[in-house]
1. Output the residue which, of all residues in the range 700-717 that are hydrophobic (A, V, I, L, M, F, W, C) and in contact (Cβ under 8 Å) with a residue 24 or more places away in the chain, is surrounded by the fewest Cβ atoms within 10 Å (Cβ to Cβ).
2. Restricting the range 241-260 to residues that are assigned to a loop (DSSP other than H, G, I, E, B) and at pLDDT 70 or above, which is nearest to residue 329 (Cα to Cα)?
3. Is it the case that residue 548 is of a type outside the set (S, T, N, Q), touching a strand residue (DSSP E or B) at 6+ places or on another chain (Cβ under 7 Å) and open to solvent by 40 Å² or more (accessible area, probe 1.4 Å)?
4. Out of the residues in the range 642-665 meeting the condition of being assigned to a loop (DSSP other than H, G, I, E, B) and among the small types (Gly, Ala, Ser), tell me which one is surrounded by the most Cβ atoms within 10 Å (Cβ to Cβ).
5. Which of (1) farther than 24 Å from residue 301 by Cα; (2) outside any strand (DSSP E or B) does residue 482 not meet, given it meets every other one?
6. Using the structure shown, decide if residue 502 is out of contact with any strand residue (DSSP E or B) (no Cβ under 7 Å at 6 or more places or on another chain) and either touching a residue at least 40 places away in the same chain (Cβ under 8 Å) or within 23 Å of residue 652 (Cβ to Cβ) (or both).
7. Determine which member of the set 56, 75, 79 is open to solvent by 30 Å² or more (accessible area, probe 1.4 Å), acidic (Asp, Glu) and not in a helix (DSSP H, G or I).
8. Look at the range 261-300 and say how many of its residues are at pLDDT 75 or above and open to solvent by 20 Å² or more (accessible area, probe 1.4 Å).
Amino acid sequence: MKLRSLKLSFRFVVPLALVLAMFAYIVVPLMDDLTVRWFVRDLEIRSQSLANALQDPLLEYVPAGAKKRIDQLFDRAIDDERLYALGFCDDNGKLLYKTRTYPDSIGCRDGLKPQGPNRSLLRLPQGTVHISERELMQDGTLLGKLILVHDMSFIERRSADTKKYAIIIFVLLAIVISFITVLVAHISFLGWMNSVKSILRGELLPKTGSSKKEKTPSEMQPLMGDLQSLLHEYRQERRGQESPSQLWTPDKLKSLLQVDLAGDQVLVVSNREPYIHTETPNGIVVKRPASGLVTAVEAVMRACSGTWIAHGSGSGDRQTVDSKDHVKVPPKNPSYTLRRVWLTEQEEKGYYYGFSNEGLWPLCHIAHVRPVFRSSDWDQYVAVNQRFADAVIQEASRDDPVVLVQDYHLALLPRMVRDVLPKATIITFWHIPWPNSESFGICPWREEILDGLLGSTILGFHTPFHRKNFLETVDRYLETRIETEASTITCRGELTQVENYPISIAWPEDDTADILTVEESRAEIRKRLSLAPDQLLGIGVDRLDYTKGIVERFAAVEKMLEMHPDLVGKFTFVQIAAPSRSSLEEYQNFETRVRALMDKINQRFSSADYTPIILKAEHHEQDELTTYYRAADVCMVTSLHDGMNLVAKEFVAARTDEQGVLILSQFTGAARELHEALIINPYHIEQGADALYRALRMPKIEQRERMRSMRALVKDFNVYRWAGHMLLDAARLRQRERVMSKIHSHSRASLRRVQ
């Protein structure tokens, strides 16, 4: 590495040194000549001044033949160290008077021909001298001429010094420039290498306008997509289970379960259920909750035909289950079993609203809301986790099921199940961000939560950054053995594999007969909202949660309308916000804040037939959301902190016309994959406004290029791939455990025979 660095340095320094040497070779003689010219001009001026000073005395002494006075005058004049000699010649060219230093070879300069460009210079045996002549006139008659000889040795010394200093300056300049060049080259090289490594690790954010948080060098932008594609292909080949062109599908996932897991039982456990039965005046209706977790995991369960264990929260849930609290879902085409767990109001308040959502949720999301931890909430959290663990154990038809545990509500469950079913393969996926170790240390029960999660066989996070945070947190608070390179943790003699599995969505099936086309969706939504057919439309789809950046999004819309008043009346933003945890004070305050800001913006820009922001705080089915996605010109996903955010991928998947623009927060996991989106810092309101305006004015061809690239990625890296890779890893671990178990059994049998 050092030799390579040295070669890189020489590659920059040698050409630079040669160029500077050539430049010095040309410039130094020019500087020397210029210096001599300056000094000669100075001597000419001095000679003129001295001749003027000597003129009056000479006009008096020469006609009188006063040789003694002239000699005294000349001797006083050459006391100046630069004036070497003086001489006076008559009009016939005869040297009449001279100083003792006057060279005989000069005479009256008759026949002397100074050489070089400076004809006033003459090189004599004793050195170079400067000769200047001044005629003396008396009453219009030439009396003679005064010859002044100046010593040039001091000029030569100064010229030599100038050359020396110039060479020293060039050498120092070469050293400084070489150092700076090599330093910049090394920094750039290291920046490139770190950027490539970060891309390969999945940790690099794309460049985002003028944001100070950006990490990606501008010159790396054209390579981002290619490097990501190469990385994806490499990982696929490394796993040896798929080719880059092979798409993960439900059938492929089923095949994986049948082949690699040999028909093993698969159980999913989560707090939120995939289908809610609600009592209404017209009977019991079924709703599918708006949740990224449900969207992702439900697609897996349809492929696995297993059992999903979840909290039964609907008012009609009890009426629809059998004696074992089971119900087949989905209602129209049952493909798996939903097992419901019942909680009292007090348990739900302490476990779900209390510890999970007033404690862990704000702790893990950097959204500037203080987490609240109560001992009573913790007690309920422990009790409910045990209730879910008991349900998993009851549903297990064998001693080694595959258990998929979902999210932060059930952090203690893996250890509880492991204690009863030590052969179970437990895959826990943490859907929200994992904070740094110092932040997580705020939790009073941090060791218990970490120990609970380490009951997992595999523990998954969305991004390498969250995985790294978890490893550092365990290292800080628990006594374990951590293999950083292998990303494994050994706790209580059991191994936990910690990996990053970026979650995705199920790619829409080709059969979309019940879904409106893009043109139909645009017309339908604008008609429903009483908008003009050509009205520009933006959309946001979130739960009404303070981590989703809804306030910042509205502020960006306001700033955009303020900066571009020509869009007032031509652009409308629709915010779909499903109510969430509305019994908590923080969420009540947040909803009030959202509505107040919306009213303020609407009052500022609205007119009789125009409202800039429309808030629809109600539940929407997935088909409805797809219609909105297809009708919108731009979708804004501005989470302040998010694990992945599947809304971004749902919008991309819905755009079969390859149009529309996605504005995506850099603080989402999706921003590490969807590089063709307009990536912003949601806290930077002006940047959000600029991105929104750019999206609304983006040419269709650019929209198509960006959307086509994102659609290809979301299609290839879908939810079945997410689940498949976790299950593949689980299958390998299960196979290894079985082989080790056989080896141990064989060893024990051999030992008994020997005894």
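The values are calculated or read from the model by the stated rules, or taken from the named source; none is laboratory data. Quick caveat, the model's predicted, so the values are computed rather than measured. Positions of Cβ are generated from backbone atoms using ideal geometry, with glycine treated the same way; all protein chains shown enter the neighbour counts. Surface accessibility is based on the protein's heavy atoms, side chains included, excluding ligands, DNA and RNA. Shrake-Rupley method; radii C 1.70, N 1.55, O 1.52, S 1.80 Å.
1. In this case the residue turns out to be 713.
2. Among those that are assigned to a loop (DSSP other than H, G, I, E, B) and at pLDDT 70 or above, it is 249.
3. no
4. Within the range 642-665, the match that is surrounded by the most Cβ atoms within 10 Å (Cβ to Cβ) is 643.
5. Only one criterion is unmet by residue 482, namely (2).
6. In short, yes.
7. 79
8. 14
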